[in-house]
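Taking it in order: structure first as structure tokens, then the write-up.
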Amino acid sequence: MANELKSSGHSTGETNLHLQFTPAYRQDIFVDKMARELTAAYIVQRAKQMRVTIGAIECGPDHIHLFLTNWKNWSISILAGQLKTYSSRMMRKGHKEFFDNKLFGNKFWSSGYFYRTVGAVNAETVKKYIEEGQTKHWNQREQKTLYNYAR
């Protein structure tokens, strides 16, 4: 990956971040394609408002991975909180039918999150993992479903 240094004001550098959010109670709400797409769209929308770039975004059945760049103006906790709060509010406000049987109350996301800052050497690896690495979760789910049908 080419060195993508950003200059602004009195600084030059690169900021890459890997985030993972999990729905409340680790429910597999992203099995529904529309729930995946809407949640991702709201996260992207909020990131754009915050002037943060999303390099990659992908879902497993029960979690979502984000690869963020250009987030230097935000602390990780504020950034994660803003993305989770906005997407949760929008999903609960307009699309409850996609997860109403799995989540209850005003809870959409679990309270925590995973984060890891990523250096220039590892940025492409993390981006590739997020874009391509989620198939293992879907394959495991399909194998369990096939096993249950076979029984």
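The values are calculated or read from the model by the stated rules, or taken from the named source; none is laboratory data. Because the structure is predicted, anything quoted here is derived from the model rather than measured. Every residue, glycine as well, gets a Cβ built from its backbone with ideal geometry; the counts of neighbours run over all protein chains shown.
Worth a mention:
- Taking strands (runs of 3 or more DSSP E) as the structural unit, those lying wholly within the stretch 1-68 and holding at least 2 residues that are touching a helix residue (DSSP H, G or I) at 6+ places or on another chain (Cβ under 7 Å) correspond to 16-21, 53-60.
- Single residue of Thr12, Thr53, Thr69 found to be touching an Asp or Glu at 6+ places or on another chain (Cβ under 9 Å) and polar (S, T, N, Q): Thr69
- Among the conditions (1) loosely packed, with under 12 Cβ neighbours inside 10 Å; (2) touching a residue at least 40 places away in the same chain (Cβ under 8 Å); (3) in a helix (DSSP H, G or I); (4) not polar (S, T, N, Q), Lys127 misses just one, which is (1).
- Any hit, the stretch 18-37, residues being in contact with a Cys (Cβ under 7 Å, 6 or more places away or on another chain) and at pLDDT 95 or above: yes
- Subset tally (residues that are surrounded by 20 or more Cβ atoms within 10 Å (Cβ to Cβ) and over 16 Å from Ser110 (Cα atoms)) for the stretch 56-65: 2
- Pairing residues of the stretch 66-91 that are modelled with pLDDT of 95 or more and surrounded by fewer than 20 Cβ atoms within 10 Å (Cβ to Cβ) with residues that are of a type in the set (D, E, K, R) and in a helix (DSSP H, G or I), at Cβ distances under 8 Å and at least 6 apart in sequence or on separate chains, gives Gln82/Arg46; Tyr86/Arg46.
- Checking each residue in the stretch 19-49 for being of a type in the set (D, E, K, R) and within 17 Å of Lys107 (Cβ to Cβ) picks out Arg26, Asp28.
- Within the stretch 81-97, tally of residues that are of a type in the set (S, T, N, Q) and touching a Leu at 6+ places or on another chain (Cβ under 6 Å): 0
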